[in-house]
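For reference, the structure discussed in these notes is given below.
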Amino acid sequence: MPYSVDDCKLLKLPKEAESNLTCLNDRSILPFGVKRIYYLYGIIEKQDRGAHAHKELFQLILAASGSFKIELDDGKSKKELFLNKPSQGLLIVPGIWRNLTDFSFGSVALVLASEYYTEDDYIRNYDEFLKYRQDNV
Ligand code: TYD
């Protein structure tokens, strides 16, 4: 069964109260194994990121610094979230179109991903995404 935007959850990540430190080493926190970590930074004013979907990839996205918005779209429903805490991460499941917008100055988006990078996993055209969702009900 294909995933919906409701499967994209905001996860409360563990935080060491004394030292402002978050450690993600427990499968009960992260519902996938991490093969790749990358981060977006140096984002200029009004620059948006994303505008694509993935076919198989699970990701956890968090604001390691600053804040940004994420719009999620499963072809039928949409939802928008605001990330501004390193101790909070957004789980994005496969088959979800996402746009990252409204980055604050100097913000850093940290992404933990379930698979290595491959362009074959991307859908970068919105009409193709809608067709992919219709074909994969
Ligand atoms: P992309 O995922 O489109 O970035 P964003 O959605 O944040 O704008 O990737 C931007 C470019 O970087 C694209 O040419 C693919 C490349 N890239 C890699 O080579 N490896 C990676 O792990 C990622 C995420 C992107």
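The values are calculated or read from the model by the stated rules, or taken from the named source; none is laboratory data. Fair warning: this is a prediction, and the values are worked out from it, not measured in the lab. Reconstructed Cβ throughout: ideal geometry from the backbone, glycine too, with neighbour counts over all protein chains shown. Remember, those area values only see protein heavy atoms, side chains included, never the ligands or the DNA or RNA. Shrake-Rupley method; radii C 1.70, N 1.55, O 1.52, S 1.80 Å.
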Q.
Looking at the stretch 100-129, I want the residues that are within 22 Å of CYS23 (Cβ to Cβ) and have a partner that is surrounded by fewer than 17 Cβ atoms within 10 Å (Cβ to Cβ) and of a type in the set (S, T, N, Q) with Cβ atoms under 7 Å, at least 6 apart or on another chain. Which pairs are those?
A. SER107/SER65; SER107/SER67; VAL108/SER65
Q. From ASN84, ASN125, which residue is open to solvent by 40 Å² or more (accessible area, probe 1.4 Å), of a type in the set (S, T, N, Q) and closer than 22 Å to ILE29 by Cα?
A. ASN84
**Q.** Members of the stretch 102-115 found to be open to solvent by 10 Å² or more (accessible area, probe 1.4 Å) and part of a strand (DSSP E or B), listed by number
**A.** VAL108, LEU110, LEU112
(Q) When you check GLY33 against the structure, is it in contact (Cβ under 8 Å) with a residue 24 or more places away in the chain and either in contact with a His (Cβ under 7 Å, 6 or more places away or on another chain) or small (Gly, Ala, Ser) (or both), yes or no? (A) yes
(Q) Please pick out the residue among LEU24, LEU40 that is open to solvent by less than 70 Å² (accessible area, probe 1.4 Å), under 12 Å from the mean Cα position of the chain (by Cα) and either over 22 Å from ASP6 (Cα atoms) or of a type outside the set (Asp, Glu) (or both). (A) LEU40
Q: Taking the residues in the stretch 87-101 that are aliphatic (A, V, I, L, M) and not in a loop (DSSP other than H, G, I, E, B) as candidates, determine which candidate is surrounded by the most Cβ atoms within 10 Å (Cβ to Cβ).
A: ILE92
Q: Could you check GLU16 against (1) touching a Ser or Thr at 6+ places or on another chain (Cβ under 6 Å); (2) surrounded by fewer than 16 Cβ atoms within 10 Å (Cβ to Cβ) and say which number it fails?
A: (1)
Q) Out of GLN88, GLN59, GLN47, which single residue is under 18 Å from LYS9 (Cβ atoms) and within 11 Å of the ligand (Cβ to nearest atom)? A) GLN59
